[in-house]
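Please read the structure below before turning to the comments.
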Amino acid sequence: MASLEVNGILKVKNDTQVVSEKFSKREFVITTDSTTQYPQYISFQLTQDKCTLLDNYQVGEEIKVSFNLRGR
């Protein structure tokens, strides 16, 4: 599966949630097209060792997110 990328402004950065002894997750929201009347809000989820990737960013900063789509 190909990796996708999106640029946006970090709007929400939640704390890491420890779901079980072997699993943790962290959710965050970015907004794209903030100059338009209807910006798009996109929610992402980091898992396991990737949860610390957000520690270097503050709400309001512009970030680039690389992701793969998965669903059930």
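Please enumerate the residues belonging to the stretch 42-72 that are open to solvent by less than 70 Å² (accessible area, probe 1.4 Å), among the aliphatic types (A, V, I, L, M) and within 12 Å of residue 12 (Cβ to Cβ).
Within the stretch 42-72, 42, 54 meet the criteria.
Got a sec? Which of 24, 66, 34 is assigned to a loop (DSSP other than H, G, I, E, B) and in contact with a strand residue (DSSP E or B) (Cβ under 9 Å, 6 or more places away or on another chain)?
On the way: 24 fails: assigned to a loop (DSSP other than H, G, I, E, B); 66 fails: assigned to a loop (DSSP other than H, G, I, E, B).
After applying the criteria, what remains is 34.
What is the residue count in the stretch 24-54 for residues that are of a type in the set (Asp, Glu) and either at pLDDT 90 or above or in contact with a Cys (Cβ under 9 Å, 6 or more places away or on another chain) (or both)?
1
Residues of the stretch 1-29 being farther than 20 Å from residue 48 by Cα and surrounded by 12 or more Cβ atoms within 10 Å (Cβ to Cβ), which ones?
6, 8, 9, 10, 11
The values are calculated or read from the model by the stated rules, or taken from the named source; none is laboratory data. Note that the structure is a prediction, hence the values are computed from the model and not measured. Note that each Cβ is placed from the backbone with ideal geometry, even for glycine, and that neighbours are counted across all protein chains shown. These area figures cover heavy atoms from the full protein model, side chains too; ligands, DNA and RNA do not enter into them. Shrake-Rupley method; radii C 1.70, N 1.55, O 1.52, S 1.80 Å.
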